[in-house]
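As structure tokens, the structure follows; a few thoughts come after it.
The values are calculated or read from the model by the stated rules, or taken from the named source; none is laboratory data. Quick caveat: nothing in here was measured; it's all calculated off a predicted structure. Every residue, glycine as well, gets a Cβ built from its backbone with ideal geometry; the counts of neighbours run over all protein chains shown. Accessible surface areas use protein heavy atoms only, side chains included; no ligands, DNA or RNA. Shrake-Rupley method; radii C 1.70, N 1.55, O 1.52, S 1.80 Å.
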Amino acid sequence: MPDISEVEVSAVDPQRLAAVLSDEQMAALQAAIGEARRVFEGRTIWNINSTAKGGGVAEMLAALLPYARGAGIDTRWLVIGGDDEFFLITKRIHNRLHGAPGDGEELDDDDRRHYEEVLAAQAGELNLQFRPGDIVILHDPQTAGLIPALVDAGYPVIWRCHVGMDTPNDDARRAWNFLLPYVRRASRCVFSRRAFAWEGLDADRIAVVAPSIDPFTPKNYEMDGESVHAILSAAGIVDDGGRRAATYTRVDGSPGRIQRRATVTEASRIGAETPLAVQVSRWDRLKDPLGVLQGFAGGVVGRCDAHLVLAGPSVDEVADDPEGAEAYREVKRAWEALAEAAQGRCHLVCLPMDDEEENAAMVNALQRRADVIVQKSLAEGFGLTVAEAMWKARPVVASRIGGIQDQVEDGVSGILLDDPRDLTEFAGAVCRLLEDPELARSMGEHARARVRSNFLGSRHLAQYVGICAELV
């Protein structure tokens, strides 16, 4: 069984957020920091999840925790391990919480036994690291089975669920029933939306916290057009990088350089002026990359001259997603079956994950290079890629589901699809924005303003300070 590992968290001064926050927002953040220093003195707040890279949870922790440390809060991040069977079980739970059957296998007694065995051994190791007065925040289904042992040891435990459905179906309820014996023991259960809160939980233990992005990470910091082109050229995604070196700014402020190349499946190259529609996400069937490919090939090719980039992480480098490789292979087989004209307009890009900040810079450049950004998910807890795209003032075409509908104001800061499986609606929305640059520009400006008001880390950090303070 892999050992529990700790992710190094640097300290970042929260004062840097003053460059993007209003005076009122900054004052609220400073008040929260003052309260945190008083309440949490001598205590450690532990965050625990199942992967240090790949996916929104790891990215959110990597962005948020440095500000907590910079504010003087002793915050640490641990990653649990597990064998292949454990992650198959937790992926099954994840899919079911989204209302999807996944691999079609039921969650049975053998699954519960193995899930508990893996986590029982790790709970014992965790108890050796924690001290009286510490607070534990566990993230998502992979960690829920730790709750009883940690509560019995005397620690306040917050369980953070990043996935959910507004209207649960039978698949979702089966996943709830699997997790409820553990989750109902938590001191607080935090959801991204009120509609995601489960039946069977005490109302006074439920809190709602929307996720956030950090505008200064390599994935979101400001990047000019020449840098965008240089990075994408060095990564092998576009041709002709020009004279600018392919560099970016790391979290600690030091310069980084693009040294690795993406794995690109394509029949033609993307030129300097080629209009682009881009979706960046994990290779996950719930993100519907196959539907994006088919909708673009069938409805955009022939009407607009744009190309499509479907981008995701290298499929061998996301530890807690055993279905990612197969989902990518399905998309690749569909690409191979496209007609020649459509095949030349669609590009599959696997971004290297060896260096997470290098990967983030590539994503940043791709999103800034895009004319339209797509997130046609079939199910979504929140969808941080939407907030990332909006922060870059890009118009978004996304599904009216989960937390996406909390981010995008339909017709103002993007276009929401009422039925994400309707490929005609999807293609029409993409073409509408490609054909009307003024509409796209206006939506992009409104999108950035909405993220500044609602989805930056300052608000997120203050909410967590309040929840943790209630438990001390």
Can you figure out the FRET efficiency of S453 with D419, using R₀ = 35 Å and their beta-carbon distance, to the nearest 0.05? 0.75
Any of K53/K332; K287/K332; K53/K219; K53/K91; K219/K392 with alpha carbons more than 18 Å apart? Name them for me. K53/K332
Please give the FRET efficiency for Y221 paired with S268, using the beta carbon to beta carbon distance and R0 = 35 Å, rounded to the nearest 0.05. 0.70
√(5λ) per eigenvalue of the Cα gyration tensor, segment 70-127, largest first, Å: 28, 17, 8
Mind pulling the angle between the C-alpha long axis of helix 423-435 and the longest principal axis of the chain? Nearest 10 degrees, somewhere in 0 to 90. 70 degrees
Taking θ = phi - 60°, what integer Hz values does the Karplus form 6.51 cos²θ - 1.76 cosθ + 1.60 yield along segment 207-217, in sequence order, with x for Gly and Pro? 10, 10, 9, 6, x, 8, 10, 10, x, 10, 6
May I ask you to derive the relative contact order of the chain, considering only C-alpha pairs under 8 Å and at least 6 residues apart, and to give it as an integer percent? 16 percent
Divide the volume of the convex hull of the Cα atoms of segment 226-334 by its number of residues and quote the answer in cubic angstrom per residue. 122 Å³
Among A144, L61, Q25, which residue has its Cα furthest toward the positive end of the charge dipole of segment 1-152, with +1 on Lys/Arg Cβ and -1 on Asp/Glu Cβ? Q25
Choose one of L126, L461, V292: the residue whose Cα lies farthest towards the positive end of the charge dipole of the chain (beta-carbon charges +1 Lys, Arg; -1 Asp, Glu; about the Cα centre). L461
Estimated distance in nm for a label pair at N177 and V412, the labels positioned 7 Å out from Cα along Cα-to-Cβ: 4.2 nm
Report the charge-dipole magnitude of segment 192-253 in Debye, nearest 20, computed about the Cα centre from +1 at each Lys and Arg Cβ and -1 at each Asp and Glu Cβ. 40 debye
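Percent of accessible area on segment 29-153 owned by carbon and sulfur, 1.4 Å probe? All intermediate terms of the calculation are to be shown ahead of the outcome.
Working: 2150 of 4540 Å².
Carbon and sulfur atoms account for 47 percent of the accessible area of segment 29-153.
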The chain - share of DSSP beta bridges that are antiparallel (%, nearest 5): 15 percent
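Can you give the local net charge around L138? Use residues other than it whose beta-carbon is closer than 12 angstrom to its beta-carbon, Lys and Arg +1, Asp and Glu -1.
Result for the local shell: +2.
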Cβ-Cβ FRET estimate between D108 and T247, R0 fixed at 45 Å, reported to 0.05: 0.30
For W77, what residues show an amide H to amide H distance below 5 Å, using hydrogens built from the backbone and excluding near sequence neighbours? V7, N47
Counting pairs of alpha carbon atoms under 8 Å apart in space and at least six apart in sequence, what relative contact order in percent does segment 281-348 give? 48 percent
Which residues' amide hydrogens lie under 5 Å from the amide hydrogen of V190, considering only partners 5 or more residues apart or on another chain, with H built in the peptide plane? W159, R160, C161, A207
